[in-house]
Amino acid sequence: MSAKSLSKGKGRVKKKLSGSKSYLLNWSKTFRGRLTIICLIGLCLIPLLTQNRYYLGIFITAMIFSIFAASWDFLAGFTGQVSFGQAIFFGISGYITSYFIRYLYLPWWASLLIGSLVGVAFGLLIGIPALRLKGPYLGLATMVLGLIMFYTFLNVKFEPWLGGSEGISKIPQISRNAVETYYIHLIFMITSFLILIWIGKSKMGTVFKSIRDDDIGAEASGINLTKYKLIAFMISAFFAGIAGGLFAMHNRGVNPGVFQPLYSFYAIVMASLGGIATISGSALGSYFFWFAAELFSEWPDVSVFIFAIILILVIRFAEHGILKPVLERLKDIWDLVLGK
Amino acid sequence: MVPIAEVIIFGTIEASVYGLLALGFSLVYGVGGILNLSHGLFYLLTGYIIFWTYTTIGIVWAVILALIIIIIVGGLSYLLLIKPLQENHVAILIITFSLGFFVEQFIKVFGDAIPHTVPSFVGGAITILGVPFPSQFFVILIGSFIVIAITGLFISKSKIGKSIRAISQDREAAMLMGINADRTLMYTVMISAALAGIAAVLYVPASSIAPHMGWDVLSNSFAIVIFGGLGSLKGSVVGAFILGYTRSFVNYFIDPAFSALVPIVVIILVLLIRPRGIFGKKEVY
Amino acid sequence: MLEIKKVYHYYGKAKSLEEVNLSVEEEALDVVIGPNGAGKSTLLRVISGLEEPDRGKIIFKGVRIDEEKPHIIARMGIAHCPERRRLFYDMTVLENLELGAYSLKDKNFKELLEFVFEIFPRLKERRKQRAGTLSGGEQQMLAIARSLMSNPKLLLMDEPSLGLAPKIKTSIFEAIGKIKKEGTTALLVEQDAVLAMQVGEIIHVLEEGKIEMRGTKEQLEKEPRIKKVYLGI
């Protein structure tokens, strides 16, 4: 390769970099960009307001579920494959992470990585037979599998291996320091979101969207459907796995309950509330959900009951979610206040 | 000899109940192309309505009331939730899933989460091959056979039944005959609710109900329907029997722990070997 | 009887019908000819409500029908015998005919049955057989018979000769002639221009979504372009 073509390549990289820089700059000047930055700064400053373990815990839970909901939204919103068994990846990674920390004494981050990768392996394992199914059956098949996982892990017969109804308990938290734990989760959340949004905007994201909008057309134009669906499935499983591992560590243990349809429901309700196919909407949905759930902390069933009603109403009347559109409407109000 | 008799009897009972459940699920799929994730709630809610009311109004009226309510619930769930979203399959899946959750949580919030049962219509036991079985088992057997037979006749002979078949074979052509596709789908969802409700009427006295059970009903119905071929009525009945006997066999001879795994094993095997299911239709052109 | 006024239709962004004007008189037999993909089937689908026109009006017996659902239009007396037959293949011949009579209000089902068996005696022999087991020609007969069972005021037929052997084609068109004699109004879409012009009273030529020409058989036969493209003379 000649020096000329090398420098040309360099120039392109530089151009691309400066392109993305100006993109970021422009983005930060938009209302949406500013709002995101304000929210992020707000999240960074929370520990200055309170170091209370309980209050920070609410935020941490919301961050974990932001990642989880975003993993579902990525699959459903970008590739049109609806999973009702997102809890499978969440749960299996929770178990594997806990196991490696508790019994093999691996550091938490290594266990988390292993847990999420096992989640990916599960994604592959389920994906291969399940992706023969068209959309709706895939969703139902994943749900059934989640239920089976729930019963298997709950089973007394398998208790010596799988831990029975107690699961794995007494695993140490990421850090004894609540503030440090908070920031670690914040970093996980931001990184996961950046990666998911980046994939969505990349060439692969375009392929995913073309599959979602017209899979027959996409196949006709030479896209290997199974391959890309499988990749999307694995990416989604990976982030669901990250969330599951973090959740297990945050709760200092894991039990078969994580495989219930309820956890898949969590992901769906949060992503739908925020707005499907937006990724960042998932975070809004998750924070909204956990703050609201705090009001009913005495009666957890009531909050799920109310959110089931909300989800029905959102899907029925507001296809694009509510939180993100409302937030974007804020701009109009803002403009109005400024008299523009 | 004795365990064989038990395997067969228990298998037949499970099969006949699941036959009723899968039949309705498959009908709705055939007519509307819809996988109704709230299918389990028809079973669950019927059981609970009977449980909540039988002490005050007596078991017979409780059953009648429950079936009427569940048919109305079926019709309303179609009119209010499914029909407006008909173009969007993802939305239908999510909304029926949340409807299932709504009912589960409704029962948890206004009732409780522990299993309950309701009394049988008939007491006593009948002994077969030296094994005593509760008489309710025979009510289940006879009852579900009668209902499946009536449903079969209804689908093949009645005007609504014929329009149901026409729509599931060719929706556009059926509309050109003057069949109202939306109305037919509503009837189908109501029939599906009634069948699941009857399954609950028959089976709950011999077992129990708890809020989470709707999902088990759904996953077993789905396994049967995938096995028999989506949209094939014969397939759902045959699939129900195969699943019922397999579960009962695994229960007795291998380990009850594994019988919950049967549906998923069935689904995965069918998907890998014969994705159309055993009675899946070929395209005829 | 049927008036189509300035109808436009698009599949997504692709235009399939452009300013189509067409009217069918009472007891007439009109034929639409044109090459593949000209929009002939779409025209019939728009009339029977399977597709909604993007612009324009369709009036049937003085009533606007362009926003009605297909089953309402069928009940008003328009029978559409669709492309590629679209039978209920898992049902018997008789059941197919019963469904054809679904929107029949008066109770002359038996008379109609006799009438269609008279036109297509073959179907009478096969009435207990599943539609999927019939031969291609028999299936086409059944499709037409099924449309007749609703005692339609207007019969729309989409390519009744498609994929049939010449001999069977002729017998199908003989049957269409008989139906016409009974006083049924019909609009026929056909690719085989020679056959179509034998039965049609007025022939409309549809090309790329537009009606390019219309007239009687004699008028069109004088047109050099029709001769060349459609009649191959």
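The table below gives the values:
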quantity: Matching entry among A:Ile41, A:Ile88 (being surrounded by 24 or more Cβ atoms within 10 Å (Cβ to Cβ) and either part of a helix (DSSP H, G or I) or modelled with pLDDT of 90 or more (or both)); calculated: A:Ile88
quantity: Single condition C:Leu155 does not satisfy, out of (1) surrounded by 21 or more Cβ atoms within 10 Å (Cβ to Cβ); (2) in a helix (DSSP H, G or I); (3) modelled with pLDDT of 90 or more; calculated: (2)
quantity: Identity of the residue in the range C:185-211, in contact (Cβ under 8 Å) with a residue 40 or more places away in the chain and polar (S, T, N, Q), that ends up surrounded by the fewest Cβ atoms within 10 Å (Cβ to Cβ); calculated: C:Gln191
quantity: Selection status of B:Ser248, within 29 Å of B:Tyr48 (Cβ to Cβ), more than 13 Å from every other protein chain (Cβ to nearest Cβ) and in contact with a Ser or Thr (Cβ under 9 Å, 6 or more places away or on another chain); calculated: yes
quantity: Answer residue from the range C:185-203, given it is within 14 Å of the chain's Cα centre (by Cα) and part of a strand (DSSP E or B) and is nearest to C:Glu25 (Cα to Cα) among those; calculated: C:Thr185
quantity: So B:Gly123, is it surrounded by fewer than 20 Cβ atoms within 10 Å (Cβ to Cβ) and more than 10 Å from every other protein chain (Cβ to nearest Cβ); calculated: yes
quantity: Given (1) over 25 Å from A:Ile126 (Cβ atoms); (2) assigned to a helix (DSSP H, G or I), number of the condition A:Leu196 does not satisfy; calculated: (1)
quantity: Where B:Ser144 falls short, out of the listed (1) within 14 Å of chain A (Cβ to nearest Cβ); (2) touching a residue at least 12 places away in the same chain (Cβ under 8 Å); (3) polar (S, T, N, Q); calculated: (1)
quantity: Any hit, the range A:208-225, residues being crowded, with 18+ Cβ neighbours inside 10 Å, at pLDDT 90 or above and either within 17 Å of A:Ser280 (Cα to Cα) or among the β-branched types (Val, Ile, Thr) (or both); calculated: no
quantity: Test: A:Thr61 is more than 30 Å from A:Lys227 (Cβ to Cβ) and not aromatic (Phe, Trp, Tyr); calculated: yes
quantity: Residue count, the range A:122-167 (criterion: among the aromatic types (Phe, Trp, Tyr) and in contact with a Phe, Trp or Tyr (Cβ under 7 Å, 6 or more places away or on another chain)); calculated: 3
quantity: Residue count, the range C:100-117 (criterion: surrounded by fewer than 19 Cβ atoms within 10 Å (Cβ to Cβ), away from chain B (no Cβ under 14 Å) and part of a helix (DSSP H, G or I)); calculated: 5
quantity: Neighbours by Cβ (under 9 Å, 6+ apart or cross-chain): first from the range B:219-238, free of Cβ contacts under 8 Å to residues at least 60 places away in the same chain and at the interface with chain A (Cβ under 10 Å from one of its Cβ atoms); second of a type outside the set (A, V, I, L, M, F, W, C) and in a loop (DSSP other than H, G, I, E, B); calculated: B:Ile226/B:Pro275; B:Ile226/B:Gly277
quantity: Residue list for the range C:134-148, restricted to those being at the interface with another protein chain (Cβ under 10 Å from one of its Cβ atoms) and within 12 Å of C:Ile179 (Cβ to Cβ); calculated: C:Ser147
quantity: Helices (runs of 4 or more DSSP H) contained entirely in the range B:166-285, each with at least 3 residues that are of a type in the set (A, V, I, L, M) and over 26 Å from A:Leu262 (Cα atoms); calculated: B:171-176, B:181-203, B:233-249, B:262-273
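The values are calculated or read from the model by the stated rules, or taken from the named source; none is laboratory data. Computed from a predicted model, the values in this text were never measured in an experiment. When we count neighbours, we look across all protein chains shown, and the Cβ atoms used for this are built from the backbone with ideal geometry, even at glycine.
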